[in-house]
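Only one structure is covered here, and it is reproduced in the block below.
Derivation of every value follows stated rules applied to the coordinates shown; laboratory data play no part. Quantities reported herein were computed from a predicted structural model and do not represent experimental measurements. Note: ideal-geometry Cβ built from the backbone for every residue, glycine included; neighbour counts use all protein chains shown.
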Amino acid sequence: MKKWTLSNVWTKYRLDALDYIQVCANCNQASCWLGEFYCDSAKTADVVGRSVRDLLKLGPLEHPEYWLKARIKRTRIDDGPLTGVTK
Ligand SMILES: [Zn+2]
């Protein structure tokens with residue numbers, strides 16, 4: 001998979017480092033939460049908010065287009081990470 005960077009997800013999708021994306025807590029993929037792909041724990045896993053910056057550090061594990069569909073309203077840097085976002 002193409003190596004996405006903060007610079008090119010911003011240029012192409014206007015995804016900021018501190019945009020939060022709802023992802024499956026088990027596999028860290030929005031496509032799982034969106035129902036386009038299910039990991040083994042999809043039925044029981046929580047949904048969590050992770051920043052674009054953190055998701056890029058993980059791989060990324062999936063195409064950033066999925067993140068656009070699962071984006072949470074941007075949070076301020078001092079809001080801290082979102083936790084406990086539920087379906
Ligand atoms: Zn999953």
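Summary table below
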item: Members of region 27-39 that are within 8 Å of the ligand (Cβ to nearest atom) and either crowded, with 17+ Cβ neighbours inside 10 Å or not in a loop (DSSP other than H, G, I, E, B) (or both); result: CYS27, ASN28, GLN29, CYS32, TRP33
item: Selected residue (criterion: nearest to the chain's Cα centre (by Cα)) from residues of region 1-26 that are among the hydroxyl-bearing types (Ser, Thr, Tyr) and not in a loop (DSSP other than H, G, I, E, B); result: TYR20
item: Enumeration of residues in region 1-26 that are away from the ligand (no atom under 11 Å from the Cβ) and of a type in the set (S, T, N, Q); result: THR5, SER7, ASN8, THR11, GLN22
item: Residue list for region 40-60, filter: more than 19 Å from ARG14 (Cβ to Cβ), among the basic types (Lys, Arg) and within 14 Å of the ligand (Cβ to nearest atom); result: LYS43
item: Residue in region 6-17 that is surrounded by 15 or more Cβ atoms within 10 Å (Cβ to Cβ), touching a Cys at 6+ places or on another chain (Cβ under 8 Å) and on the phi < 0 side of the Ramachandran plot present; result: no
